[in-house]
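Coordinate-derived values only; no laboratory data. What you are looking at is a predicted structure, and each value in this text was computed from that prediction instead of being measured. Please note: Cβ atoms are built from the backbone with ideal geometry, for glycine as well, and neighbour counts cover all protein chains shown.
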Amino acid sequence: MEQDKYYHIYNRGNNSDTLFYEDENYDYFFKKYRFYLDTHVDTLCFCLMKTHFHLLVKVKDTPVNAPIAEKKALLTPLEKAFKDFFISYAKSINKKYGRTGSLFQTKFKRKEITDDFYLKNVIKYIHFNPVVAGLCFKPETYAHSSYPFILKKDNTWLASDTVIEIFGDIDKFKSFHHQLAETEAADFAADFRSFENF
């Protein structure tokens, strides 16, 4: 993962296990996420589902450190931060709910975003995950997504202004999302899932 580039980060529970058992887990996830990742990435948008999650991040322009050797593998500081975050969250969930073993799939997936069209559609895809899953009718009503926070601009650590700039303004941001509501959300999601092999 390279500095100043955008990445779609996603992962799910091992064997599609539950990642979030109750509301407080969602908050705890981001408490841990921010502890490990805030110095490495700007977070543009997110969606946390019961068994999986999506993040869109931009790697910060920070000094490049030497790779970290861990169990014969070389990890960048950012990769190490993600690994430590997943381990920390998993240990907490395992302890609280009496489970054992891996919580997440072994390796998280990441896709570099290479152009503006793809960037806008990934943002829309992330926000429409709960709609496609039948958890809500509109993305603004799902509590564990960045969409309502971007509209209200009431999340201090989310890069809401950057997201708005990508679309031009808040009205264009909303209209781009609502185009999906007027077409076929399921087909849209299926296309991305096929592409990501998720």
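If one computes the Cα centroid of segment 1-20 and of segment 97-155, what distance in Å separates the two points?
Taking the Cα centre of segment 97-155 as reference, the centre of segment 1-20 is 10 Å away.
Using 7 Å Cα-to-Cβ label points, what is the Asp169/Asn14 separation (nm, one decimal)?
Spacing of the two 7 Å Cα→Cβ label points: 5.0 nm.
Which three extents, in angstrom, do the Cα atoms of segment 1-152 have along their principal axes, listed largest first?
Principal-axis extents of the Cα atoms in segment 1-152, largest first: 46, 43, 25 Å.
With a Förster radius of 22 Å, plug the Cβ-Cβ distance of Phe176 and Glu112 into 1/(1 + (r/R0)^6) and report the FRET value to the nearest 0.05.
On the way: r = 21 Å, r/R0 = 0.97.
About 0.55, to the nearest 0.05.
Fully extended, how many nm does the chain gain between Asn94 and Arg34 (0.36 nm per residue separation, minus their Cα-Cα distance)? It would help to have the intermediate numbers written out before the result.
Numbers: separation 60, 0.36 × 60 = 21.60 nm, distance 2.01 nm.
Roughly 19.6 nm would be gained on extension.
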